[in-house]
Amino acid sequence: MNQLVALGTASFPDAVRKLNPQHLFRSPVMFVVWVGAVLSTVLAVLHPSVFAISVAVWLWLTVLFAGLAEAVAEGRGKAQADTLRRTRTTTTARRLLADGAVEQVAGADLRLDDRVVVEAGELIPGDGDVVEGMATVDESAITGESAPVVREAGGDRCAVTGGTTVLSDRIVVRITARPGETFIDRMIALVEGAARQKTPNEIALGVLLTVLTIIFLLAVATIPPFAGFTGDGPSVIVLVALLVCLIPTTIGALLSAIGIAGMDRLVQRNVLAMSGRAVEAAGDVSTLLLDKTGTITLGNRQASEIVPVGGAHATDVNRLAFLSSLADETPEGRSIVEWTRTQLGEYVVTPEGSTSVPFTAHTRMSGVDLADGTQVRKGAASAVRRWVADSGGTPSADLTEVVDGISAAGGTPLVVAVRDADGAGRTVGVIHLKDVVKPGMVERFAELRRMGIRTVMITGDNPLTAKAIAAEAGVDDYLAEATPEDKMRLIREEQSGGRLVAMTGDGTNDAPALAQADVGVAMNTGTSAAKEAGNMVDLDSDPTKLIDIVAIGKQLLITRGALTTFSIANDLAKYFAIIPAMFVGLYPGLDSLNVMRLGSPESAMLSAVIFNALIIVALIPLALRGVRYRPLRADQMLARNLLIYGAGGVVAPFIGIKLIDLLVSLLPGL
Amino acid sequence: MGTTLSGLLTIATVVLVLAVAHVPLGDAMARVFTGERHLRVESAVYRLCGVSPSSEQRWSTYALSVAGFSAVSIVGLFALIRFQGSLPLARGAAMDTDTAVNTAVSFATNTNWQSYVGEVGASPVVQTLGLAVQNFVSAAVGLAIAVALIRGLTRNASTTLGNFWVDLTRSVVRILLPLAAIGAIVLLAGGVVQDLTAPEVVHGLSGVDQTVQSGLIASQEAIKELGTNGGGYLNANSAHPLENPNAVTNLVQVVLMLVIPFSLPRTYGVLVGDRRQGQAVLAFMATLWVAMLAVITWAETAAATGPLGAMEGKEVRFGVWGSTLFAHTTTATSTGAVNSLHESYSPLGGGGVLFNMMLGEVSPGGVGAGLYGALVVAILAVFVAGLMVGRTPEIVGKTVGRREITLVALVTVTTPALVLLGTGAALALGTARAGLLGTGPHGLTEMLYAFTSASNNNGSAFAGLTADQPYLNLTLAACMLLGRFVPILLILALAGSLAAQRRRPATDGAMPTHTPLFAGLMVGVAVLVTGLTFLPVLALGPLAEALS
């Protein structure tokens, strides 16, 4: 809150600048208030009275507060833009010529497809792809993440961003963006709000607000002939006050601030939306395509059980599995060691004099040879089977059944076998490796389902494995053995059924699907093709964030809807304040409509005007923060928000206007 | 039996009949507009008019057909009225040019505002071949527009909305004619007259001679109510014993006014493939109907404390309850027939019937017009509150975007603009003011009522205003014309824009539009928008009168 007050104070000069009517043409509602303020000022000068002057002052404050809301929202982005701009200092680039020579040019003179050399300690002069070499790059200027990342030629990690620093080695970069159109340039424009265009829903809402303004203009403009039929009509300044109170000034003043703040919330989470349209589309998404690995499951498979075969004792099998994996540094191997250790307790120690047998592509097994000549192996079923057979043994009879069972459940079976120094080999058990669903994902998918969003898991696994993981994670559907073409087809299918699709991607072959999806979030680690194709970039490269993006999109829409409802619901109380006050001179009986028992007609009207202005300031924090969003079913959400912003919007001004009236009544001369 | 009990029983009977009838009638109407086959008589009509019943129309062509048909209707009716003197059975009936313009527009727009006197303005030929025909076809136009809007909501990525000529013909042949025939027989049995004998002169009790005219009244009466038209054969309309002899015919007329408007939500539900959608719209209409009936009846019974009670302007045949039930229904359905003098109602009762019309005729509104009006309210409600569930607002799978909300907002602003500007201009003008009987708030209400009635295509008169003068005849005709066809044009454009969209599947994430909460939201939006628009003028009219 203190921060907000500081920001508000800092933004004050900007707010004053926004009193310029040229700026207000974009918002017809606020333009009407501006005209009303000018009119009432003129009238207050011609016929000065405490009432007229107060109304004029508060109308100007209304316009000012609207400007303040926008200025504060923009102010938050400005600070960020300044930080970014500092990275965009003039750089010199070393351009590679056709003959292999290098020339020094200014970064601003680089053209598309120029090749530049960048070495350790130098700034990369522009966006591009690494075409030669490999380097570690510090991207903290953009992502805020201090750990360096590896960028190398070829593959999906070749994209580099201008303004980032090469920490080691030497790379050759092919420039893919013109100067002034680089990623950082776009980021600055985005966070500053310069590139902000009104979103479709915002435009539609603007139309409704304009038409409402026209209706109220008619209702107020026709009062003089109606009242004039029996007596003296209300004065112009009273009509202006009524009009300003009725037109939806609250939402009209806060509409653009809500939009700017919505984009800003994404930026806070390190997501850059290339258009506001994409943010809104995120709220509308009804199908999420999620990559299995890294998003739904932890990257690696882990041991989940060990099934003894051939009558072996469980403890023996666990011990052998433990031994066979001791030297295995892969995540799968680590997980076996961990799992068996918890099963066995403390008594297993690393035997002395043993030799580890590393995994090779040829043997497809790894294991250990103990000092007493015992050999322990684990590996793919077919490889271990052959090893046992070669040593003169026979794989136990129930092995096939167990292996097939694990495969059918979507797991990966690893067979453990042992061969004593003089004997034949025998199989003793099967390790069940499975994909582990990230903690909390099941709940999140259930949440998404309640919000009416279908989740589809994309994986290169075979259908059997995919099905098992899909069931465990609780996604609605899966696409197994997925190729980029399959993904594309799936998106088109969903879209032809009228659904909006969101997905994440990083590879060049994801680009077409990213472009086709309604919300395509490219990972910052991805290729520039992917970043071009998507309409958002996640600087943290965290595919799980897609779910947050959906929530932010929804929150943006809800905030707009809630404040619109609140704004319109407010009018009821304002009518009850102003109508009796306005006509009580003509028809004293109308005083019984003065349910708030406001002091005098003038204080009633002034209180409504003051409330109308102050409510804008009161709601600025809400507009910037967004209304609290909880994933609920639409009907629950509607009931809840209608109660808070609809019913609340009816009640709040009755209380507010009454309280203001108690103060205003103390004004001398009113 | 006490009047309260009999009154409540009458209302209960109406509700019961409607509850039973709306299901089969709603289903039948859905079949009418989806059937592939053409009846022989329909095919003959298509051949005669040279239209191809199988060709589908884009919204613009559909709108052009409506405009063309209505233009021909107005010109034809105007000519018939002006030349009625040269036709049989004229009996000296005649209208001035401006009155004829007003009447022609009035009947072709389903308003049936009558600035002429039935007995002397229109001959039986005009009544039967002109006015009664318009009673059928103007109601059929309303049905066609409603169906076109439903098609806009149900069709998937379509450029067309059906065929206006087919919708029009089927509405008349399969819905209005059979029901009107049944209604006419029932009314005939109840004592409504149907003959072509010359007017009779009778000696009144007060010793003054009276000329009592009869005519083909029962047949016209049925469609007058069924098509929510309301133009009486006789000047006294349904207060006249020959049009509405007793409490039973009164009840039948109330049912006839309500039966199609209250069945159309069912048709909507069936056609969009989700009956609950229809039930929500029905609940919206029924809530408003019951609430306003309670307000008006309460106001009138509460006013009945003086020596005359509240019986000034009411028929003893119907009593307070039978009068308020009729007055409320006629204003809530855009019918505009009257069986009592609305001017004589207490300020709140009169304000109540006025408010019914100001709601935009959606409770349940006119034939067809009520449904499309209610759907406009639904779209408005979806848009305002729908954002609060965090999705682009949508109704039955169709997104409400910029174009849709623009059209809906323009529909919403049209009639209030006509009412406020029309009334304001008329009050500022001496010639129109001279026609007012009342002064002060009551005089304001008289003028306001006339423009509200015309702009909302209701047609009932508050009385007290001498409306048969060139200025009012022409401005009210303009209000009727614009109040009818501007919304129709916008709604067809809306239907076209909705039809072009792909229909999104229903998910939990979309705002449900079939719940009681949504029906309540629709009521809130309708009341709030109407209240906010008209509160100043209502405060200066009925409210000022009531509170002074």
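The values are calculated or read from the model by the stated rules, or taken from the named source; none is laboratory data. Here the structure is a predicted model, which is why all the values come from computation and not from measurement. Please note: Cβ atoms are built from the backbone with ideal geometry, for glycine as well, and neighbour counts cover all protein chains shown. In case anyone asks, the SASA skips ligands and DNA or RNA and just uses the protein heavy atoms, side chains included. Shrake-Rupley method; radii C 1.70, N 1.55, O 1.52, S 1.80 Å.
Odds and ends about this structure:
- Complete set of residues in region A:599-623 that are open to solvent by 40 Å² or more (accessible area, probe 1.4 Å) and within 49 Å of the chain's Cα centre (by Cα): A:Glu602, A:Leu614, A:Val617, A:Ala618
- Among (1) modelled with pLDDT of 95 or more; (2) open to solvent by 10 Å² or more (accessible area, probe 1.4 Å) - the single one B:Asn235 does not satisfy: (1)
One line per residue, one yes/no per condition, for (1) within 30 Å of A:Tyr587 (Cα to Cα); (2) more than 10 Å from chain A (Cβ to nearest Cβ); (3) open to solvent by 10 Å² or more (accessible area, probe 1.4 Å); (4) in contact with a His (Cβ under 6 Å, 6 or more places away or on another chain):
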site	(1), (2), (3), (4)
B:Val400	no, no, no, no
B:Glu404	no, no, yes, no
B:Leu410	no, no, yes, no
B:Val419	yes, no, no, no
B:Gly424	yes, no, no, no
B:Leu436	yes, no, yes, no
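- In region A:462-479, the qualifying residues are those that are surrounded by 21 or more Cβ atoms within 10 Å (Cβ to Cβ), over 28 Å from A:Ala281 (Cα atoms) and not small (Gly, Ala, Ser), and the one that is nearest to the chain's Cα centre (by Cα) is A:Ile469.
- Options A:Gly405, A:Gly423: the member that is modelled with pLDDT of 85 or more and either under 26 Å from the mean Cα position of the chain (by Cα) or surrounded by fewer than 17 Cβ atoms within 10 Å (Cβ to Cβ) (or both): A:Gly405
- Enumeration of residues in region B:262-305 that are among the acidic types (Asp, Glu) and open to solvent by 10 Å² or more (accessible area, probe 1.4 Å): B:Asp274
- When restricted to residues that are of a type in the set (Val, Ile, Thr), surrounded by fewer than 18 Cβ atoms within 10 Å (Cβ to Cβ) and closer than 25 Å to A:Asn270 by Cβ, region A:152-198 contains 0.
- Some residue of region A:114-121 being open to solvent by less than 60 Å² (accessible area, probe 1.4 Å), in contact with a Pro (Cβ under 8 Å, 6 or more places away or on another chain) and modelled with pLDDT of 85 or more: yes
- Helices (runs of 4 or more DSSP H) enclosed by region A:217-306 - at least 3 residues per element that are open to solvent by 20 Å² or more (accessible area, probe 1.4 Å) and within 14 Å of another protein chain (Cβ to nearest Cβ): A:223-228
- Among the residues of region B:73-88, those that are in contact with a helix residue (DSSP H, G or I) (Cβ under 9 Å, 6 or more places away or on another chain) and open to solvent by 70 Å² or more (accessible area, probe 1.4 Å) comprise B:Val75, B:Arg82, B:Pro88.
- Region B:513-527, residues that are open to solvent by 40 Å² or more (accessible area, probe 1.4 Å) and either within 7 Å of another protein chain (Cβ to nearest Cβ) or not in a helix (DSSP H, G or I) (or both): B:His514, B:Leu517
- Residue match in region A:588-598 (condition: open to solvent by less than 60 Å² (accessible area, probe 1.4 Å), in a helix (DSSP H, G or I) and more than 14 Å from chain B (Cβ to nearest Cβ)): no
- Within region A:22-38, the set of residues being surrounded by 14 or more Cβ atoms within 10 Å (Cβ to Cβ) and among the aromatic types (Phe, Trp, Tyr) comprises A:Phe31, A:Trp34.
- Meets criteria (over 20 Å from A:Ala417 (Cβ atoms) and open to solvent by 60 Å² or more (accessible area, probe 1.4 Å)) for A:Arg334: yes
- Among (1) closer than 30 Å to B:Thr99 by Cβ; (2) surrounded by fewer than 24 Cβ atoms within 10 Å (Cβ to Cβ); (3) more than 9 Å from chain A (Cβ to nearest Cβ), the one test that B:Phe534 misses: (3)
- Taking the listed residues B:Ala510, B:Ala506, B:Ala499, B:Ala539, the one that is more than 8 Å from chain A (Cβ to nearest Cβ) and open to solvent by less than 20 Å² (accessible area, probe 1.4 Å) is B:Ala499, with no other qualifying.
- Just one residue in the set B:Leu472, B:Leu448 is more than 14 Å from every other protein chain (Cβ to nearest Cβ), buried (at least 24 other Cβ atoms within 10 Å of the Cβ) and either over 17 Å from the mean Cα position of the chain (by Cα) or modelled with pLDDT of 95 or more (or both); that residue is B:Leu472.
- With respect to (1) at pLDDT below 90; (2) under 30 Å from A:Gly405 (Cβ atoms), the lone exception for A:Glu485 is condition (2).
- B:Leu547 open to solvent by 30 Å² or more (accessible area, probe 1.4 Å), within 7 Å of chain A (Cβ to nearest Cβ) and within 22 Å of B:Ser344 (Cα to Cα): yes
- Only one of the numbered conditions (1) touching a helix residue (DSSP H, G or I) at 6+ places or on another chain (Cβ under 9 Å); (2) at pLDDT below 90; (3) at the interface with chain B (Cβ under 10 Å from one of its Cβ atoms) is not met by A:Thr527, and that is (3).
- Single residue of A:Leu563, A:Leu557, A:Leu514, A:Leu572 found to be at negative phi, outside any strand (DSSP E or B) and away from chain B (no Cβ under 14 Å): A:Leu514
- Matching entry among B:Ala63, B:Ala67 (being open to solvent by less than 40 Å² (accessible area, probe 1.4 Å), at pLDDT 95 or above and either on the phi > 0 side of the Ramachandran plot or of a type in the set (Gly, Ala, Ser) (or both)): B:Ala63
- Single residue of region A:203-215 satisfying the filter (more than 33 Å from the chain's Cα centre (by Cα) and facing another protein chain (nearest Cβ under 7 Å)) that is nearest to A:Ser27 (Cα to Cα): A:Ile214
- Matching residues in region A:318-343 - criterion: being assigned to a helix (DSSP H, G or I) and at pLDDT below 80: A:Pro331
- Considering region A:624-642, and only residues there that are assigned to a helix (DSSP H, G or I) and more than 10 Å from chain B (Cβ to nearest Cβ), the residue that is least open to solvent (accessible area, probe 1.4 Å) turns out to be A:Leu624.
- Unique residue being within 35 Å of the chain's Cα centre (by Cα) and surrounded by fewer than 23 Cβ atoms within 10 Å (Cβ to Cβ) when the list is A:Leu19, A:Leu46: A:Leu19
- Residue count for region A:426-455, restricted to those that are among the small types (Gly, Ala, Ser), at pLDDT 85 or above and farther than 30 Å from A:Leu399 by Cβ: 1.
- Positions within region B:29-57 being touching a residue at least 12 places away in the same chain (Cβ under 8 Å) and in a helix (DSSP H, G or I), in sequence order: B:Met29, B:Ala30, B:Val32, B:Phe33, B:Thr34, B:Val41, B:Glu42, B:Val45, B:Tyr46, B:Cys49
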